[in-house]
Amino acid sequence: MFSSKKLAGSMLNQIRPHLQSSGSIRSLVDQSSNGLLLKTRVPAIGMRRASTIALGEEEQHREEKGGFGGSSSAAGGNKDGPEQNGVASYWGVSPNKLVKEDGTEWKWKSFRPWEAYEPDMSIDLTKHHKPTNMMDKFAYWTVKALRYPTDVFFQRRYGCRAMMLETVAAVPGMVGGMLLHFKSLRRFEHSGGWIKALLEEAENERMHLMTFMEVAKPKWYERALVIAVQGVFFNAYFLSYMISPKLSHRIVGYLEEEAIHSYTEFLKELDKGTIENVKAPAIAIDYWRLPADATLRDVVMVVRADEAHHRDVNHFASDIHVQGHELKESAAPIGYH
């Protein structure tokens, strides 16, 4: 029993310096037949400091000054202290501040400078997969059927049309990548890079949407339509990919062909002056490394090139399945822009 009291006293001596700065301590040592019961009442912040004893005095001092991010951390702030909207944390995961090639601050949180790229504008926009079997014909006419209500609803409002198109186009890559991810986990096997390639496609399509959101401001009923269409299309494509990945990729290939057609019509309207050729959004200039004086026409050009690359990737994926192979047997076209 004496040794238990001595141990309790030693513990209090160890933690007292870390608790006294935050408030008073009231401890009560009760002795019972079953042993020693230690009760301590301290403010919550005192317990917070006690939990960081293992960090050492130096780490605590750094924590008090704004965290482990340092002066280059977006959350830790600069020499004058944390930024107004920053998050102070001692976990050390706060991203560093980034700068562009010209030395100006990088302001986008959704992508980094090394993820920006210059699209291959030399890609053939006229390539078309001619339907040769029942599966191809089903995929082709399904896409044609989906195009009709879009033409009726949006008519020649290509800015809003592009916005709606990208909310749908960003779904297949995410669904396909997710299902391949789970398949890889279940079977303890590699994916051949196709998980990354499909998620890369989904992210690229999402960036298209982020760009056109700056050009065409959606009305409330268009936002409601996006929610409805996304809910239906996600579930339909999920079931389709579970049943037949080769059909699903073929459908997306034809969807991308329609996207190329839509953006070509968009360019025609810009050239005729029907749609104002405004300055390109800042996010587009940084994402595609466009010139500072780039316009909406330049944006539509690079987006159309992206869609042509997605067309090739999905038709290629479908061909792999049609020829009796799995995607993992062929190296994925990662970074194919």
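The values are calculated or read from the model by the stated rules, or taken from the named source; none is laboratory data. Every value quoted in this text rests on a predicted model; they were computed, and no experiment measured them. Neighbour counts run over all protein chains shown; Cβ positions are idealised from the backbone, glycine included. Just so you know, the surface numbers come from the protein's heavy atoms only, side chains and all, with ligands and any DNA or RNA stripped out. Shrake-Rupley method; radii C 1.70, N 1.55, O 1.52, S 1.80 Å.
Rolling a 1.4 Å probe over the protein heavy atoms leaves M242 with an accessible area of roughly 120 Å².
With the cut-off at under 13 Å, measuring from each backbone N in segment 318-337 to a point 7 Å along the Cα-to-Cβ line of D120 picks out 333-337.
Put simply, the C-alpha atoms of segment 154-226 give a gyration tensor, and the ellipsoid matching it has half-axes of 32, 11, 8 Å, longest first.
Looking at the P(r) of segment 202-305, how many percent of alpha-carbon pairs lie beyond 23 Å? Percent of Cα pairs beyond 23 Å in segment 202-305: 39. Ordered from highest to lowest accessible area with the whole protein assembly present and a 1.4 Å probe, F182, F188 read as F188, F182. Of the chymotrypsin sites (Phe, Trp or Tyr not before Pro) in segment 113-169, the ones in a loop by DSSP (not H, G, I, E or B) with at most 16 other beta carbons within 10 Å are Y117.
Put T211, T126 in order of accessible area, highest first, and with a 1.4 Å probe you get T126, T211. The mean accessible area for residues of segment 76-230, using a 1.4 Å probe and ignoring ligands and nucleic acids, is 64 Å² per residue.
Ratio of Rg to Rh for segment 89-154: 1.28 [Cα atoms; Kirkwood radius as inverse mean 1/r over pairs]. For segment 257-307, GluC sites (Glu not before Pro) meeting the loop criterion (DSSP other than H, G, I, E, B) and having at most 13 other Cβ atoms within 10 Å: E276. Counting only protein heavy atoms and using a 1.4 Å probe, what share of the accessible area of segment 202-302 belongs to carbon plus sulfur, as a whole percent? So the carbon and sulfur contribution to the accessible surface is 64 percent.
Between A236 and F138, the contour length at 0.36 nm per residue exceeds the alpha carbon distance by 33.8 nm.
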